[in-house]
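Novice: Got a structure here, written out as structure tokens. Questions coming.
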Amino acid sequence: MHSTIAFSALALALSSNVFAAPLHQVRQNELTLADTVQLIAKTIGSNPNPDGLPDINNWHFEPVHSGAGTNLATLVDPSTASFNLSESGYFRNGTDAPHSDGGYMTAGFLTGTTPYSLVLDLVHEANSSNPGAQTGNVQFNAGVGTDGLDVPAGKLITSNYVTDSFWACPNVPIEGGVAIVVEVSNRYADPLEGCWSIELYAQCAGLISDSNRAAFPAFVQSSCYADATSAVVE
């Protein structure tokens, strides 16, 4: 028979471990505002292009219309742009993803309109003799996608069949000017010159809309951070 003292000691130890959890711990289903995520850039290494790139650590990931029906993913300085984490962001749809472990990211903030999916526009890397070398932009395209983008542990990844890297690239033309655009490369491509290697961490955001929940019955909760700015870059 287990003693009351031993049980109490075990309970105290377990509760201490819970309260000692680091701030960057991934939080999931129990949070009220965790049905969608906003993505925050975390820089890797030192700035390779100080003349073209400011300190973009913890900048926010947002779409910008770049013309001809294309919406590029960009990084936005949170001190100069409105950004409300309680508003709906992107959510994981668990269907129509034969190229991945399950799920692609769909923009959930367009209530009552056609959803926009987060997709990769990969093409053969210019001037590369390696036929497998691919680079491209991260885009928001109308409808659903099958790129296999997922947030399994609070960080955006691409299909596990190809190890891709995200990059922040400056001075990319958009409508009305230029922007810091998020680009992607696969394992066979060269590092993108003048661009900063980044990872994209998921901050818990607002609730998925009723219309999107009805349209995507296979919706799956994505892992996210209560405070993605405190996430430790792996």
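Novice: Restricting the first residue to segment 98-125 and requiring it to be more than 27 Å from Thr163 (Cβ to Cβ) and surrounded by fewer than 21 Cβ atoms within 10 Å (Cβ to Cβ), which pairs with a second residue that is among the aliphatic types (A, V, I, L, M) and at pLDDT below 80 meet a Cβ separation below 6 Å and a spacing of at least six or different chains?
Specialist: Between residues of segment 98-125 that are more than 27 Å from Thr163 (Cβ to Cβ) and surrounded by fewer than 21 Cβ atoms within 10 Å (Cβ to Cβ) and residues that are among the aliphatic types (A, V, I, L, M) and at pLDDT below 80, the close pairs are Thr114/Ala142.
Listed here are the residues, each with its yes/no results for (1) without any contact (Cβ under 8 Å) to a residue 24 or more places away in the chain; (2) aliphatic (A, V, I, L, M); (3) surrounded by fewer than 16 Cβ atoms within 10 Å (Cβ to Cβ); (4) under 19 Å from Gln38 (Cα atoms).
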| position | (1), (2), (3), (4) |
| --- | --- |
| Asp150 | no, no, no, yes |
| Lys155 | no, no, no, yes |
| Phe166 | no, no, no, yes |
| Ala189 | no, yes, no, no |
| Gly194 | no, no, yes, no |
| Phe219 | no, no, no, yes |
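Novice: In segment 50-68, what residues are touching a residue at least 24 places away in the same chain (Cβ under 8 Å) and either under 19 Å from Glu175 (Cβ atoms) or not β-branched (Val, Ile, Thr) (or both)?
Specialist: Of the residues in segment 50-68, the ones touching a residue at least 24 places away in the same chain (Cβ under 8 Å) are 52-53, 56, 58-59, 61, 63-67.
Passing the criteria: Gly52, Leu53, Asn58, Trp59, Phe61, Pro63, Val64, His65, Ser66, Gly67.
Novice: Being within 25 Å of Arg213 (Cβ to Cβ), in a loop (DSSP other than H, G, I, E, B) and of a type outside the set (D, E, K, R) is the filter here, so list the residues in segment 49-89 that pass it. Before you say what the answer is, go through the steps one by one.
Specialist: Residues of segment 49-89 within 25 Å of Arg213 (Cβ to Cβ): 60-63, 71, 73, 83-89.
This time we only want the ones that are in a loop (DSSP other than H, G, I, E, B), so: 83-89.
Phe83, Asn84, Leu85, Ser86, Ser88, Gly89 - these are the residues of segment 49-89 that are within 25 Å of Arg213 (Cβ to Cβ), in a loop (DSSP other than H, G, I, E, B) and of a type outside the set (D, E, K, R).
Novice: Can you name every residue in segment 34-48 that is assigned to a loop (DSSP other than H, G, I, E, B) and modelled with pLDDT of 95 or more? Quick ask: steps written out before the conclusion?
Specialist: We begin by selecting, within segment 34-48, every residue assigned to a loop (DSSP other than H, G, I, E, B); these are 34-36, 44-48.
Scanning segment 34-48 gives Ile44, Gly45, Ser46, Asn47, Pro48.
Novice: Scan Val138, Val233 and give me the residue that is part of a loop (DSSP other than H, G, I, E, B) and either within 20 Å of Trp59 (Cβ to Cβ) or among the basic types (Lys, Arg) (or both). Give the derivation first.
Specialist: On the way: Val138 fails: part of a loop (DSSP other than H, G, I, E, B).
Of Val138, Val233, the one residue that is part of a loop (DSSP other than H, G, I, E, B) and either within 20 Å of Trp59 (Cβ to Cβ) or among the basic types (Lys, Arg) (or both) is Val233.
Novice: On the basis of being more than 12 Å from the chain's Cα centre (by Cα) and not small (Gly, Ala, Ser), does Leu33 make the cut? Spell out how you get there, then give the answer.
Specialist: Numbers: more than 12 Å from the chain's Cα centre (by Cα): yes; not small (Gly, Ala, Ser): yes.
So Leu33 fits the description; yes.
Novice: State all residues of segment 141-191 that are in a loop (DSSP other than H, G, I, E, B), at pLDDT 80 or above and at positive phi; if no residue qualifies, say none. First the steps, then the outcome.
Specialist: Here is the first cut: in segment 141-191, the residues in a loop (DSSP other than H, G, I, E, B) are 144-149, 151-154, 156, 158-164, 175-176, 186-191.
Now restrict to residues that are at pLDDT 80 or above: 149, 151-154, 156, 158, 164, 175-176, 186-191.
Those that are in a loop (DSSP other than H, G, I, E, B), at pLDDT 80 or above and at positive phi: Gly154, Gly176.
Novice: Scan segment 50-85 residue by residue and report those that are of a type in the set (S, T, N, Q), farther than 17 Å from Ile198 by Cβ and touching a strand residue (DSSP E or B) at 6+ places or on another chain (Cβ under 7 Å).
Specialist: First, pick out the residues of segment 50-85 that are of a type in the set (S, T, N, Q): 57-58, 66, 70-71, 74, 79-80, 82, 84.
After this cut, where a residue has to be farther than 17 Å from Ile198 by Cβ as well, the list is 66, 70-71, 79-80, 82, 84.
Ser66, Thr70, Asn71, listed by residue number.
Novice: Another question about this same structure. Residues that are surrounded by 15 or more Cβ atoms within 10 Å (Cβ to Cβ), free of Cβ contacts under 8 Å to residues at least 40 places away in the same chain and among the hydrophobic types (A, V, I, L, M, F, W, C): does segment 134-143 have at least one?
Specialist: Quick first cut of segment 134-143, residues surrounded by 15 or more Cβ atoms within 10 Å (Cβ to Cβ) only: 134-141.
From what's left, free of Cβ contacts under 8 Å to residues at least 40 places away in the same chain: none.
Checked against the condition, which is being surrounded by 15 or more Cβ atoms within 10 Å (Cβ to Cβ), free of Cβ contacts under 8 Å to residues at least 40 places away in the same chain and among the hydrophobic types (A, V, I, L, M, F, W, C), segment 134-143 yields no hits at all.
Novice: Restricting attention to segment 221-231, does a residue exist that is buried (at least 23 other Cβ atoms within 10 Å of the Cβ), under 23 Å from His65 (Cα atoms), of a type in the set (A, V, I, L, M, F, W, C) and in contact (Cβ under 8 Å) with a residue 60 or more places away in the chain?
Specialist: Within segment 221-231, none of the residues are buried (at least 23 other Cβ atoms within 10 Å of the Cβ), under 23 Å from His65 (Cα atoms), of a type in the set (A, V, I, L, M, F, W, C) and in contact (Cβ under 8 Å) with a residue 60 or more places away in the chain.
The values are calculated or read from the model by the stated rules, or taken from the named source; none is laboratory data. Predicted, not measured: the structure shown is a model, and the values here were computed from it. Quick reminder, even Gly has a Cβ in these numbers, built from the backbone with ideal geometry, and neighbours come from all protein chains shown.
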